[in-house]
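A.B. asks: Pasting a structure here, questions to come.
The values are calculated or read from the model by the stated rules, or taken from the named source; none is laboratory data. Source: prediction; values computed, not measured. Cβ: placed from backbone, ideal geometry, glycine included. Neighbour counts: every protein chain shown. We work out accessible area using only protein heavy atoms, side chains counted, and drop any ligands, DNA or RNA first. Shrake-Rupley method; radii C 1.70, N 1.55, O 1.52, S 1.80 Å.
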Amino acid sequence: MNEKTRGQFAIGNNPERNREHNRRVVLDLVRQHGMLGRMEIARQTQLTAQAVANIVDDLVGSGLLISTGRRRSGRGQPPIQFAVNPEGAATIGVEIATDQMVVTVLDLTGVLRYKRIVPLADTTPERCLPVFGLEVERARKSFDSPLLGVGVVMPGPFGIEGMSFVGPTTLPGWSGIDVKAALSEACGMDVALENDAAAAAVAERLFGAGHAISHFCMLYFGTGIGLGMIQDGAPYRGAFGNAGEIGHVPVVPSGRLCPCGQRGCLERYASLHALHEKFDQSGRKRPQIYEIERLFQSGDQVVQAWIDEAATHLSTVIGLLENIFDPETIIFSGAFSDSVMDAVIARLPPLPPSVAARAGRKEPRVMRGQTGQYTAALGAAALPLFEILTPKLETSPPDQQVA
């Protein structure tokens, strides 16, 4: 490149890292545009034509790009176009939730090729790990492409004394064990482990509303509620992988007691479990997640009351997140249907003043995600994809060209 930095296209000082970075830049650029020719790739990346030719040939040789023929573009020989090869690789993603395991397979373009939902009556490691191993093997038999990797998402936080795996929104029995090692042993291959909110943010960055947004926060509504953060196009995880534990931020002084030991935590008001508790209090059976949409459309009073209460407390949290992280937008996503998420956003009280109140905003302060109710499972499968599709931000001296 000819600049130290150019948006997300910045390269490192180490020549080998430059080469790998430039492969990521080209692959991600082609993925975003669908099809591109060599000269257009060179123009947009500011790499030399020779560097781009070498990179494209390498990516075609490894099966990650395919030639789609020539595109007519006026006079002269039409340029050869290249696209990401859907059959070039596939990834397996597994979401282990409090009541089910969702298994997905994505091809290299991010298209969902396989989905299976397995109910879980017991989510302890002793019962869950054998099921996990069998389901990964079942998913592996569903495609012929090379397996790029396996991603797993679970509710966090991980390894925090007094908070880890505590209460009905987390998984019992997993505290005190090396979770990543146990999962890897169960399926016979190394896994990428992430909390559900962070993985959902990765899915939204690659395939959803965050596709063209480099800085955003995602409030992820699972059984509990979590926060995923994308900064400079990459997930922010924190020093120990627990960044974004927003569910245990108190929003109501002296409010409802939380299993974490505090009172008034956000999770006690704006989560699937909080909705379930409202049904318990009304003496009604807890609805399955697929039933909530029907109840909402029929004007069910319990669902409506939960939406109003959740929206009230989420408004405060939005201002807090904006002032701390200065995101371009905040995305709502998770287990609830699009119409329920839209209703929560529509009923937010007037948002508090924050650094987000600036002239020339390109995005709304709050928007709904586009990756659907299984965004965490898609995020799990997207984790290995993210590693090869996303350029890493580095700094470098100008004029380094590494193919």
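A.B. asks: Calculate one ³J(HN,Hα) per residue across segment 112-120 by plugging θ = phi - 60° into the Karplus curve 6.51 cos²θ - 1.76 cosθ + 1.60, and present them in order as whole Hz with x for glycine and proline.
C.D. replies: In residue order, the calculated couplings are 6, 9, 7, 8, 9, 10, 10, x, 10 Hz.
A.B. asks: Please go through segment 325-393 and write out the trypsin sites (Lys or Arg not before Pro) that DSSP classes as loop and that have at most 14 other C-beta atoms within 10 Å.
C.D. replies: On the way: sites: 347, 358, 361, 362, 365, 368, 392; in loops: 347, 358, 361, 362, 365, 392.
The qualifying sites are 358, 361, 362.
A.B. asks: Then there is this: Where Rh is the Kirkwood radius over the Cα pairs of segment 261-375, the temperature 10 °C and the viscosity 1.306 mPa s, what D in µm²/s does Stokes-Einstein return? Display every interim value, and only then the final one.
C.D. replies: On the way: Rh = 15.2 Å.
D = 105 µm²/s.
A.B. asks: A further question on this structure: Determine the distance separating the Cα centre of segment 208-227 from the Cα centre of segment 284-303; give it in Å without decimals.
C.D. replies: Here the two parts' Cα centres lie 24 Å apart.
A.B. asks: While we're on this one: Per-residue ellipticity at 222 nm for the chain, helices alone: DSSP H runs ≥ 4 residues times -39500 (n - 2.57), over residue total, nearest 500 deg cm²/dmol? Kindly include the intermediate steps, with their values, before the conclusion.
C.D. replies: Numbers: 11 runs with 145 residues, N = 403.
The helix-only estimate for the chain comes to -11500 deg cm²/dmol at 222 nm.
A.B. asks: Find the Rg to Rh ratio for segment 91-150, where Rh is the Kirkwood radius over alpha-carbon pairs and Rg uses the same atoms.
C.D. replies: Working: Rg = 11.7 Å, Rh = 11.9 Å.
On the Cα set of segment 91-150, Rg over Rh gives 0.99.
A.B. asks: Under a 1.4 Å probe, what is the accessible area of the chain per residue, stated in Å²?
C.D. replies: Averaged over the residues of the chain, the accessible area is 43 Å².
A.B. asks: Using only alpha carbon positions, build the gyration tensor of the chain, then give the equivalent ellipsoid semi-axes as the square roots of 5 times its eigenvalues, largest first, whole angstrom.
C.D. replies: Details: eigenvalues 301, 124, 77 Å².
So the equivalent ellipsoid measures 39, 25, 20 Å along its semi-axes.
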